[in-house]
Amino acid sequence: MSELLLTGIGRLITNAGDPITDAAVMMVDGEISYAGTASDAPDQGGGDRIDCEGRAVIPGFVDAHTHVVFAGDRADEFGLKMQGASYAQIAKHGGGILSTVAATRAAGEEALFQEAATRVRRMIASGTTTIEIKSGYGLDLDTELALLSVARKLGHDLPVTVKTTFLGAHALPVEYRDDRKGYLDLVVEEMLPAAAPLADYCDVFVEEGAFSVDEARRVFEAAAGLGLGARVHAEQLSHSGGAALAARIGAVSADHLDHATANDARLLAESGVVAVLVPGASYTLRSPQAPGPMLLDQGVTVALATDCNPGTSYLESMGLVVSLAVVEMGLSAEQAIQAATRGGALALQMPDHGFLVQGSAADLVIIVAPSAVHIPYRPGTNLVWRTIKAGRVVAGAWH
Ligand code: NIG
Ligand code: FE
């Protein structure tokens, strides 16, 4: 039996009621057995114990949208973008997603694993305890399967829970430039059945220059037949109908949503689709932030994620995402922290994660500050003192 008791918590965010001051948390065998006031904490025998010395504790971050397995980088494009080139212009000239596809196809599976593992270790050190990882930089059968295998292996080898998503319909690969139908046939008939055992979900990039609503519907129907739920890259660069499609097919999430309307929000709320917002991508692209406050007002469940990828959002820190969501998008600190923890867990259909109550997963973060408001208030500083995954300390700043 493994036991860990946290004492001296200055402020505990449980996501299941008001914050608790002067709190304690007891974890047994990877689950929370007590989270509440220190004075009511059960007596603990011989297990491990950490005195938090007044620091705040929050649930572990759940990063519900990443493309973290890739090779190479696009630093050259970043320069062009800062000089005013648009994402669409760069993609049209052979840059964008397809340049990462070329680098990813050329890298071996071992190199892909090592590069991604380095990033995921930094994510864990920044307080992330669960992460969703998409394929989509292979766009051929072998490389798409390699990306999903690497993602699964990251979850196996590192102290983080991983959910995987097949994103074969991310872009049209060069060899199918003049044959959209041929590529979609390949995705539906060959890639999806082969990828299904390695994937929890299927995603499609619905956008002008990527895939249409009708093309996406075909992919999602095939995915549903294989038992894969849908996540949709929707309304990122323009209003293309991805959110309404997500609502119509009962997708698990609609992601990005920078151009979502009040009507989209109503549809998402009615159909219980979680909105996964990625303020790092809007920040890097200097494009409008998703209407987070409006989505919340309309009753949509909102999650926050890094969207970690080498093109639009090369960031790994959920703390920075929370800060962008507050400062740039207009969520309150409480809303943003909840969206980055509980919201992410709901987006990944993990109802026992993202909150701290008896019986929930013992995934949490001790931060070097007296309250969680310091996370948005102090962007760019990793305030994580310890990351605890399944009741074990897995990362920490030793100060
Ligand atoms: O989430 N929107 C499409 N996919 C990624 C970008 C991928 C890339 O530029 O490499 C995104 O922003
Ligand atoms: Fe994305």
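Worth pointing out:
- Put simply, the amide H of Thr161, placed in the peptide plane, has neighbours under 5 Å in Thr130, Ile131, leaving out anything fewer than 5 places away on its chain.
- For the options Arg218, Arg266, Arg119, a Gaussian network treatment of the chain with springs between C-alpha atoms closer than 10 Å singles out Arg218 as fluctuating the most.
- Alpha-carbon centroids, the stretch 300-376 and the stretch 176-190: separation in whole Å: 36 Å
- Per residue of the chain, the DSSP helices (runs of n ≥ 4 H) give a summed -39500 (n - 2.57) that works out to -9500 deg cm²/dmol at 222 nm.
- Take every Cα pair under 8 Å whose residues are at least 6 apart in sequence, average their separation, divide by the length of the stretch 9-136, and the relative contact order is 27 percent.
- Counting neighbouring Cβ atoms within 10 Å and putting the fewest first, the residues Glu235, Glu208 line up as Glu208, Glu235.
- Order by protection proxy (mean Cβ within 10 Å, highest first), peptides 310-319, 88-97, 127-136: 127-136, 310-319, 88-97
- Relative contact order (%) - criterion: Cα under 8 Å, at least six apart; region: the chain: 20 percent
- The charge dipole of the chain, taken about its Cα centre with unit charges on the Cβ of Lys, Arg, Asp and Glu (plus for the first two, minus for the last two), comes to roughly 580 debye.
- Tilt relative to the chain, helix 318-327 - C-alpha long axis, 0 to 90 degrees, to 10: 80 degrees
- Folded to 0 to 90 degrees: helix 97-106 orientation relative to the chain principal axis, Cα: 80 degrees
- Placed amide H near Gly229: partners under 5 Å, 5+ positions off or other chain: Cys202
- Here's how it looks for Ala303: its modeled amide H is under 5 Å from those of Ala275, Val276, Leu277, which are all 5 or more places away or on a different chain.
- Least to most buried among Ser332, Ser371, Ser253 (fewest other Cβ within 10 Å first): Ser332, Ser371, Ser253
- Each residue of the stretch 336-350 was assigned a 3J(HN,Hα) from its phi angle through the Karplus curve 6.51 cos²θ - 1.76 cosθ + 1.60 (θ = phi - 60°); the sequence is 5, 5, 4, 5, 7, 10, 5, x, x, 5, 5, 5, 9, 6, 10 Hz, with glycine and proline shown as x.
- The DSSP beta bridges internal to the stretch 1-137 are antiparallel in roughly 60% of cases.
- Remark: the stretch 257-262, residue by residue, has Karplus-estimated 3J(HN,Hα) of 6, 4, 10, 5, 9, 4 Hz, where x stands for each Gly or Pro and the curve is 6.51 cos²θ - 1.76 cosθ + 1.60 at θ = phi - 60°.
- Antiparallel bridges, percent of DSSP beta bridges restricted to the chain (to nearest 5): 45 percent
- The count of lysine pairs in the chain that are at least 8 places apart or cross chains, and whose C-alpha atoms lie under 30 Å apart, stands at 12.
- Sorting His374, His65, His353 from the fewest to the most surrounding beta carbons within 10 angstrom yields His374, His353, His65.
- Relative contact order of the stretch 226-358, defined on C-alpha pairs under 8 angstrom at six or more residues apart (%): 19 percent
- The angle separating the long axis of helix 109-125 from the principal Cα axis of greatest extent in the chain is about 40 degrees.
- Sequentially through the stretch 69-78, phi angles give Karplus couplings (6.51, -1.76, 1.60; θ = phi - 60°) of 9, 7, 10, x, 8, 10, 4, 4, 5, 4 Hz, Gly and Pro residues having no value and appearing as x.
No lab work stands behind these numbers, since they all come straight from the coordinates. All figures in this text were calculated on a predicted structure; none of them were measured in a lab. Cβ: placed from backbone, ideal geometry, glycine included. Neighbour counts: every protein chain shown.
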